[in-house]
Amino acid sequence: MMTVREVSRRTGVTVRALQYYDQIGLLPPAKRTEAGYRLYDERALERLGQILLFRELEFSLDEIRAILDRPDFDRDLALSDQIKLLTMRRDRLDALIDLANTLRQKGGTSMDFTAFDKTGIDQYAEQARARWGKTPEYAEYAKRSAQQAPGEAEQAGRALMDILAAFGAWQDRDPAEPEVQAQVARLRAHISAHFYTCTAKTLSGLGRLYAAGGAFTQNIDAAGGPGTAAYADRAIQIYCQNQGV
């Protein structure tokens, strides 16, 4: 565990900023001491890293909180987007440094202005923002999230994982059984109640995401046992087919 000052020294984020992130529910500490001092663990530092990377994509703090607390947040996909954008920015800076060195050594007789072109970076940043920020579900969740008390979304996320973990105990049963399908209905109702309106089509996409083999699959299987995510997806797809999707 690290104190807020230790996190500040390690990351370069000011103590005041870390305190503010806690106040708005963006980065709550892992625990507090009896005296009320904030303590952060490695999981909190990973979330802080995501916050800083999304800031590079020019999302607001409220938008970042909504993204990170979404039930369909894909950490690996987010990192891929962020790595791509940062690499493009690094390449542009390298080109600008090369241009400056050329001007110093040879003058400006054959100046190449392509290093100043940010079109590719701007286009990719807009694509990334569209992926994470411009869906009806995200817009609804962002609105709800802004009205939630700090910690409320985190509690809803834990409850969501509990619902998913329950599928693990039923893997020897037909996913079409009424009790299993009732659990899918509870999953859909929980998402609609706490995150955004979960249509059958959206739920089908979530099921595929849960079983896609990324961080979602790992987290669900860790909570419910190996194979839980894949089984939940099968149950979800049966439910959605019955809903006409």
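What follows draws every value from the coordinates through simple rules; no lab data is involved. On a predicted model such as this, the values are computed, not experimentally measured, just so you know. Here the Cβ is made from the backbone with ideal geometry for all residues, glycine too, and neighbour counts use every protein chain on show.
Expected output is a single nm value to one decimal: the length gained when fully extending between Ala222 and Arg208, i.e. 0.36 nm times separation in residues minus the C-alpha distance. What is it? Provide the component values of the computation, followed by the final result.
Numbers: separation 14, 0.36 × 14 = 5.04 nm, distance 1.75 nm.
Contour length minus Cα-Cα distance gives 3.3 nm.
Under the classification rounded if a/c is under 1.5, otherwise prolate if a/b is larger than b/c and oblate if not, where does segment 154-245 fall, given a ≥ b ≥ c as square roots of the Cα gyration tensor eigenvalues?
Rounded shape, in that the Cα axes give a/c under 1.5.
Based on the Cβ-Cβ distance of Lys143 and Lys201, what FRET efficiency does E = 1/(1 + (r/R0)^6) give at R0 = 30 Å, to the nearest 0.05?
0.90
Can you work out ³J(HN,Hα) from phi for every residue in segment 39-52, in order, using Karplus 6.51 cos²θ - 1.76 cosθ + 1.60 and θ = phi - 60°, giving whole Hz and x for Gly and Pro?
In residue order, the calculated couplings are 10, 10, 10, 5, 5, 5, 5, 5, 5, 4, x, 5, 4, 5 Hz.
Subtract the Cα-Cα distance of Asp62 and Arg173 from 0.36 nm times their separation in residues, and report this length gain in nm to one decimal.
Numbers: separation 111, 0.36 × 111 = 39.96 nm, distance 4.18 nm.
Full extension of this stretch gives 35.8 nm more.
Taking H as built 1.01 Å from N, whose amide H comes closer than 5 Å to the amide H of Ala30, not counting residues under 5 places away?
Amide H neighbours of Ala30, under 5 Å, 5+ apart: Leu39, Tyr40, Asp41.
For every other residue with a beta carbon closer than 10 angstrom to the beta carbon of Met2, add +1 if it is Lys or Arg and -1 if Asp or Glu, then tell me the sum.
Here the charged neighbours net out to +1.
Please report the net charge: other residues with Cβ closer than 12 Å to the Cβ of Gln237, K and R +1, D and E -1.
Value of the local net charge: +2.
Just grab the label-to-label distance for Asp162 and Tyr37, each label 7 Å out from Cα along the Cβ direction, in nm (one decimal).
With each label placed 7 Å out from Cα toward Cβ, I get 3.3 nm.
Once the piece of chain linking Arg186 and Gln19 is laid out straight, how much longer is it, given 0.36 nm per residue of separation minus the C-alpha distance between them?
56.5 nm
Determine ³J(HN,Hα), in whole Hz, for all residues of segment 176-186 in sequence, where each value follows from phi through the Karplus function 6.51 cos²θ - 1.76 cosθ + 1.60 and θ = phi - 60°; x replaces Gly and Pro.
7, 4, x, 5, 5, 5, 5, 5, 4, 4, 5
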